[in-house]
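Everything below concerns the one structure shown next.
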Amino acid sequence: MTLQLTTNQVWEAIEKGSFAVIGMVTAKNEARTVGIVYVVRDRKLYFGSFIETWKVRHMAANPHVSLTIAIDKRIPLMPGIKIPAATITFSGRARVLDIGELPPDLVQAVFSNKDVDEQFIADSCVIEVTPEKEFITYGVGISLMKMRDPNKARGRAPVNGKSHTYQNSARINQSQ
C-alpha cells in the first residue's frame with residue numbers, strides 16, 4: 001500500500017530543508033545535476049546563482065527541471081548509525097529572474113550569506129522553481145522501522161492539493 005500524504009505534509013518537510021539537487025538538460029540533450037541551497041516562498045523554491053553559470057544557461061533554454069530534496073533521518077542518542085535519507089522528488093518549471101525586480105526580503109533570504117551590492121546584483125540572478133503535478137516521496141512522514149519496507153515508505157501527494165488515488169504500489173514501481 002502506498003502512503004498517502006497530504007500536500008501540506010510534503011510542503012512542511014520541504015520548508016524545513018535548505019539543500020536540494022536540481023536536474024536539467026543541456027542544449028545537447030545531456031542530463032546534468034547540481035546542488036543548490038533554496039528558500040521557499042508561496043510554495044515555490046528560490047535559489048541564487050551568477051548569471052554566467054552553465055546551470056542558468058541550461059534552465060533559461062529549457063525550463064523543465066527535476067528536484068530532489070534529501071531529508072536526514074537519525075536515531076536519537078545513536079548518531080553513529082547510518083540511516084538512508086528520506087526524499088522528496090518532483091518535476092517543475094524554472095524561471096530565471098532579475099534580482100532587481102524581486103522584493104528585497106526574498107533577495108536577502110536567497111543570498112543571506114553574501115554581501116549584496118550593486119555589482120553582485122548585476123552579476124547574479126534568482127531561479128524560481130514551481131513544482132508541477134505531484135510529489136514522489138520515500139520515508140517522509142513515517143517511522144524508521146516502516147522505512148525499511150519500500151511498500152510502506154513510498155508516498156505521493158499532489159502539488160496542487162487535489163487528491164489522487166493510487167491503486168497499489170505496483171503502479172508506483174512501474175513509474176519510478
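Quick note: the coordinates plus some simple rules give every number you see, no bench work behind them. All values reported here derive from a predicted model rather than from experimental measurement. When we count neighbours, we look across all protein chains shown, and the Cβ atoms used for this are built from the backbone with ideal geometry, even at glycine.
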Practice problem: Can you check what the Kirkwood hydrodynamic radius comes to for the chain, Cα pairs only, in Å to one decimal? | Solution: 17.5
Quiz item: Once amide H atoms are built 1.01 Å from N in the peptide plane, which residues 5 or more positions from Y38, or in another chain, come under 5 Å H to H?
Solution: F19, A20
Quiz prompt | Rounded to the nearest 20 debye, dipole of the chain from Cβ charges on Lys, Arg, Asp, Glu | solution = 1160
Self-check item: Under 21 Å from the Cα of K114 - lysines, other chains or at least 8 residues apart
Solution: K55
Quiz item: Cross-link partners among aspartates and glutamates for K44, C-alpha distance below 12 Å, same-chain residues fewer than 8 apart left out?
Solution: E15, E128, E132
Self-check item: Label-point gap, in nm, between E101 and V21 - each point 7 angstrom along Cα→Cβ
Solution: 3.2
Quiz prompt | C-alpha long axis of helix 7-16 to longest principal axis of the chain, angle in ° | solution = 60
